[in-house]
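K.L.:
After the structure tokens below, expect a handful of questions from me.
The values are calculated or read from the model by the stated rules, or taken from the named source; none is laboratory data. Because the structure is predicted, anything quoted here is derived from the model rather than measured. Neighbour counts are summed over all protein chains in view; Cβ atoms, including those assigned to glycine, are modelled from backbone coordinates with ideal geometry. Accessible surface areas use protein heavy atoms only, side chains included; no ligands, DNA or RNA. Shrake-Rupley method; radii C 1.70, N 1.55, O 1.52, S 1.80 Å.
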Amino acid sequence: MTSSYPLSEIAAIPRDEESRKFEKIKTHIHENSEEASLYVANEIANLIRQRQKLGKKAVLGLATGSTPTKVYDILVRFHKEEGLSFKNVITFNLDEYFPMEQDSIHSYVRFMREHLFDHIDIKKENIHIPDGTLEKEDVRDYCIAYEEKIKKSGGIDIQVLGIGRTGHIGFNEPGSSIVSKTRMVRLDRVTRLDAASDFFGLENVPSRAITMGVGTILSAKRIILMAWGEGKAGIINQAVEGSIRESVPATFLQNHPNCDFILDEAAASDLTRVSTPWLVSECIWNDSLIKKATIWLSGKLNKAILKLTNEDYNEHGMGSLVAEIGSAEHINLIVFNQLQGTITGWPGGKPNADDSRRPERKDPYPKTSLIFSPHPDDDVISMGGTLLRLVDQGHDVHVAYQTSGNIAVFDDEVIRFLDFAKDIQKDNDALQKQFKEVRAFLDKKHPGQVDSPQIQQFKGLIRKGEALAACRYCGVKEENAHFQNLPFYETGTVKKKPYSEADIEQTYQLLQQIKPHQIFAAGDLSDPHGTHRVCLNIIYKALERLVKEKASWIKDCYVWLYRGAWQEWDIADMEMSVPVGPKDMQRKKNAIFKHQSQKDSAMFPGNDNREFWQRAEQRNKETAKNYNALGLAEYEAMEGFVRYHFM
């Protein structure tokens, strides 16, 4: 969910060819990555079947990473359930880290086996993946031979691509030539930072890779680039609407005669026809688009909303809006009042007050509030000010920690805690034995190696203790802290299992036990590791079941979505904004500090090296600054929420 107004519900967004006038590559926008992946998988399957009828080979160029995994899952399903054969398929993978052993958990050879090749009937001799085990002096000849194999196969029929944050395709980093061929490259620092979490630290990420060149990719008969999530929205805008330049290699795809970008709504959100449709053609104005456009215009002109004029609207593609509403003054007042109504210091509802213009109901009071926290610190990082306000105002606050977060704990933390425990209980032979086993394992542990179940348990307990400390500091009762440890997460690696009925059932039972009047959940779909997205889907599935069963309490429950450590909601989307004063901001930071294993240096910092408290403070202060720039009251900081309407 990228906003409170899915694209499918915004009738104002133009769909004709005029709306694509800024787009230099054909784009298809799907509601979600599942639908988009099915679209791509069907095209690949149709090609394979067509070639089979003609007795010919189908040559596929394949990519790795999180983007194509759903496509591969669907192709495996087609093979097992519909009899799709891959015996006539030849594959060439885009790239591989160098050096890289093929059985490493980071190897693209292993990735392709686990996600596709081990589950279909493709011939082993038809699989080609760049070899990361070569001697450096042999790489050049190998790359020349790789190009020859592609040519000998008849060329690639469909090349599947993802896109990196730098705009790289394959491992063709900024500066790559449009005529480049398969070769060894040095990886950009941003690319290595993005991979750091998978390798458990930047220092473990290889600095080089073997990749098909831009020229190799462009020689494919058909190219499909896929992108999911808000994190890709900015670079997709540059690739689709920007000028062709070496600094963004994906822009070279504008030169290809048969290239499509397949996007979900989130990845498409920065395209002009989506973000500012009034700039491309006439719009059918509705409340959500009026609010979005007015806020955009205010920011564009650096003017408070109540100062916007008829001329301002007319000169920026919104003359039809003025004609429809009547005047700029009328539009300004409508939007200003909407924004004013989102601001509340009572996130649980203000008792004995008129709530007709407030985001939350006054009754019942006090409320039972359930905060879902995907990781053990997301509650205080993302909505710590609101959590404190709920407790201070007398509500019964529960926190459900959905995952253990154990993979985000450094090994030294385990040793530190065990050192303390063994010194406290010197006569505990079992504990002394455990300590020796842990030290022996960690002394021989390789970067990225999966922890033993025992160490995973210890790391989970460390994070549990930190979460309890934060709850105590915030005034949440310890018995109101629920540690779900959802099964999908417990793999010991960054890659998780798909969520299952067990995850949904556990969440369903917790909801039935607590029967909350309001739920807060992480709606952060930019989480690069996907845990937030999976946790949200599990909650949605549990809510769907409760609605279907007509649970007596569910019709009176509000669901509010907050954003995580990666980014904030747009103000146009926010439906509740909670001011956080200087004192409460310091209290929020103190609560975050209780998570000591994540302090100073986090195992998975994403693309932002700042500590989580720094990100949270900056984001909350920026939201307050943006509200003030629109002409509303000036606050120290603000936390924003979008309401999820599931009924």
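K.L.:
About the Cα centre, and with charges only on the beta carbon of Lys, Arg (+1) and Asp, Glu (-1), how big is the dipole of segment 188-282? Nearest 20 debye, please. Don't jump to the answer; show the numbers that get you there.
P.N.:
Details: 8 positive and 12 negative charges, 86 e Å.
Value, rounded to 20: 420 debye.
K.L.:
How far, in nm, would the chain grow between D412 and M647 when pulled straight, counting 0.36 nm per residue and subtracting the alpha carbon separation? Before the final figure, lay out each step's value.
P.N.:
Values: separation 235, 0.36 × 235 = 84.60 nm, distance 4.71 nm.
Full extension from D412 to M647 adds 79.9 nm.
K.L.:
Right, something else. Between S601 and H28, what FRET efficiency comes out of the Förster formula 1/(1 + (r/R0)^6) with R0 = 45 Å and r the beta carbon distance, rounded to 0.05?
P.N.:
Efficiency, rounded to the nearest 0.05: 0.65.
K.L.:
Once you've got the Cα coordinates, tell me which of K124/K495; K80/K181; K70/K123; K53/K123 are over 28 Å apart. Display every interim value, and only then the final one.
P.N.:
On the way: K124/K495 25 Å; K80/K181 36 Å; K70/K123 22 Å; K53/K123 18 Å.
Going by Cα-Cα distance, K80/K181 fall outside the 28 Å limit.
K.L.:
Further question on the same structure: Any lysines with Cα under 16 Å of the K292 Cα? List them, leaving off those in the same chain fewer than 8 positions away.
P.N.:
K300, K303
K.L.:
If we count every other residue with Cβ under 10 angstrom of R619's Cβ, Lys/Arg +1 and Asp/Glu -1, where does the sum land? Spell out each step's value before the answer.
P.N.:
Numbers: positive: R563, R615, K621; negative: E568, E617, E622, E639.
Local net charge: -1.
K.L.:
Quantify, in whole percent, the carbon and sulfur part of the accessible surface of segment 267-319 (1.4 Å probe; protein heavy atoms only). Provide the component values of the computation, followed by the final result.
P.N.:
Details: 1030 of 2190 Å².
On segment 267-319, the fraction of accessible area on carbon and sulfur atoms equals 47 percent.
K.L.:
So for each of 466-474, 252-260 I average, over its residues, the number of other beta carbons within 10 Å; can you give me the resulting order with the highest mean first?
P.N.:
In decreasing order of mean packing, 466-474, 252-260 become 466-474, 252-260.
K.L.:
Let me check I've understood the local charge: for G175, count other residues with C-beta under 14 angstrom from its C-beta, Lys and Arg +1, Asp and Glu -1. What total comes out?
P.N.:
Numbers: positive: R183, R186, R189, R245; negative: E173, D188, E246.
Net charge around G175: +1.
K.L.:
Compare the Cα positions of S369, T64, H532 along the charge dipole of the chain (+1 at Cβ of Lys, Arg; -1 at Cβ of Asp, Glu; about the Cα centre) and return the one farthest towards the positive end.
P.N.:
T64
K.L.:
May I ask you to compute the full-extension gain from Q50 to Q618, defined as 0.36 nm times their residue separation minus their alpha-carbon distance, rounded to one decimal in nm? Kindly include the intermediate steps, with their values, before the conclusion.
P.N.:
Values: separation 568, 0.36 × 568 = 204.48 nm, distance 5.44 nm.
Once the chain is fully extended between Q50 and Q618, it gains 199.0 nm.
K.L.:
Same structure, new question: Towards the positive end of the charge dipole of the chain, with charges on Cβ (+1 Lys, Arg; -1 Asp, Glu), say which of T211, I554, F410 has the farthest Cα.
P.N.:
Positive-most Cα among the choices belongs to T211.
K.L.:
Here's something else I'd like to know. Report the FRET efficiency, 1/(1 + (r/R0)^6), for N590 and N485, where r is their Cβ-Cβ distance and R0 is 30 Å, rounded to 0.05.
P.N.:
On the way: r = 26 Å, r/R0 = 0.87.
E(calc), rounded to 0.05, equals 0.70.
K.L.:
Near K589, which lysines are there with a Cα under 28 Å away, not counting those fewer than 8 places off in the same chain?
P.N.:
K350, K367, K459, K464, K477, K599, K621, K625
K.L.:
Here's something else I'd like to know. Quote to one decimal, in nm, the extra length available between E101 and K300 on full extension: 0.36 nm per residue of separation minus the C-alpha distance between them.
P.N.:
66.5 nm
K.L.:
How would you classify segment 535-646 from its alpha-carbon gyration tensor, with a ≥ b ≥ c the square roots of the eigenvalues: rounded for a/c under 1.5, else prolate if a/b is greater than b/c, otherwise oblate?
P.N.:
Oblate.
K.L.:
Ok, one more. Residue by residue through segment 447-454, which ³J(HN,Hα) values in whole Hz follow from phi under the Karplus form 6.51 cos²θ - 1.76 cosθ + 1.60 (θ = phi - 60°), with glycine and proline marked x?
P.N.:
Couplings: x, x, 5, 5, 5, 5, x, 5 Hz.
K.L.:
Continuing with the same structure: Hey, can you rank 353-363, 178-188 by average C-beta count inside 10 Å, highest first?
P.N.:
Numbers: 353-363: 14.0, 178-188: 18.5.
Going from most to least packed, we get 178-188, 353-363.
K.L.:
Let me ask something else. Charges at C-beta only: +1 for Lys and Arg, -1 for Asp and Glu. How large is the resulting dipole of the chain about its Cα centre, in Debye rounded to 20?
P.N.:
Here the size comes out at about 680 debye.
K.L.:
Taking a virtual spin label 7 Å from the Cα of S327 along the C-beta vector, which residues in segment 262-302 bring their backbone nitrogen under 15 Å of it?
P.N.:
Flagged as within label range: none.
K.L.:
Amide H of A637 versus every other amide H placed in the peptide plane: which residues, excluding those fewer than 5 positions away on the same chain, fall under 5 Å?
P.N.:
Amide H neighbours of A637, under 5 Å, 5+ apart: V580.
K.L.:
Starting from the amide H of Y558, placed 1.01 Å from N in the peptide plane, find each other amide H under 5 Å away whose residue is 5 or more places distant or on another chain.
P.N.:
Close amide H contacts, sequence-distant or interchain: Q518, I519.
K.L.:
Now for a separate question. Dipole of segment 533-604, Cα-centred, from +1 at each Lys and Arg C-beta and -1 at each Asp and Glu C-beta, to the nearest 20 debye?
P.N.:
In total the dipole reaches around 340 debye.
K.L.:
If amide H atoms are built 1.01 Å from N in the plane of the peptide, which residues on other chains or at least 5 residues away come under 5 Å of the amide H of I90?
P.N.:
A58, V59, L60
K.L.:
Now, a different point. Which whole-number value in Å² is the accessible area per residue of the chain, probe 1.4 Å? Kindly include the intermediate steps, with their values, before the conclusion.
P.N.:
Numbers: 27430 Å² over 647 residues.
Accessible area per residue, the chain: 42 Å².
K.L.:
Could you check the spin-label model distance between E505 and D608? Points 7 Å from the Cα along Cα→Cβ, value in nm.
P.N.:
3.8
K.L.:
Please arrange D118, D264, D73 by accessible surface area, largest first, computed with a 1.4 Å probe and ligands excluded.
P.N.:
Sorted descending by solvent-accessible area, the residues read D118, D73, D264.
K.L.:
Of the listed values [x] 52; [y] 47; [z] 43, identify the label whose number matches percent of Cα pairs over 33 Å apart calculated from this model.
P.N.:
[x]
K.L.:
Ranking request for peptides 220-226, 496-502: highest mean number of other beta-carbon atoms within 10 Å first, then the rest in descending order.
P.N.:
Details: 220-226: 22.1, 496-502: 12.9.
Highest to lowest by the protection proxy: 220-226, 496-502.
K.L.:
Simple spin-label model, 7 Å along Cα-to-Cβ: E437 to N42 in nm?
P.N.:
5.2
K.L.:
In whole Hz and in residue order, list the ³J(HN,Hα) couplings for segment 203-220 that follow from phi through the Karplus curve 6.51 cos²θ - 1.76 cosθ + 1.60, θ = phi - 60°; x for Gly and Pro.
P.N.:
5, 9, 7, x, 8, 10, 7, 9, 9, 4, x, 4, x, 4, 4, 5, 7, 5
K.L.:
For a test of the definition: using alpha carbon positions, the gyration tensor, and the 1.5 limit on a/c, classify segment 250-380 as rounded, prolate or oblate.
P.N.:
Oblate.
K.L.:
If you don't mind, there's one more thing I want to ask. Output wanted: per-residue J couplings in Hz (rounded whole) for segment 305-316, from phi through Karplus 6.51 cos²θ - 1.76 cosθ + 1.60, θ = phi - 60°, x for Gly and Pro.
P.N.:
Here the 3J(HN,Hα) series is 4, 6, 9, 5, 10, 4, 4, 4, 5, 5, 6, 10 Hz.
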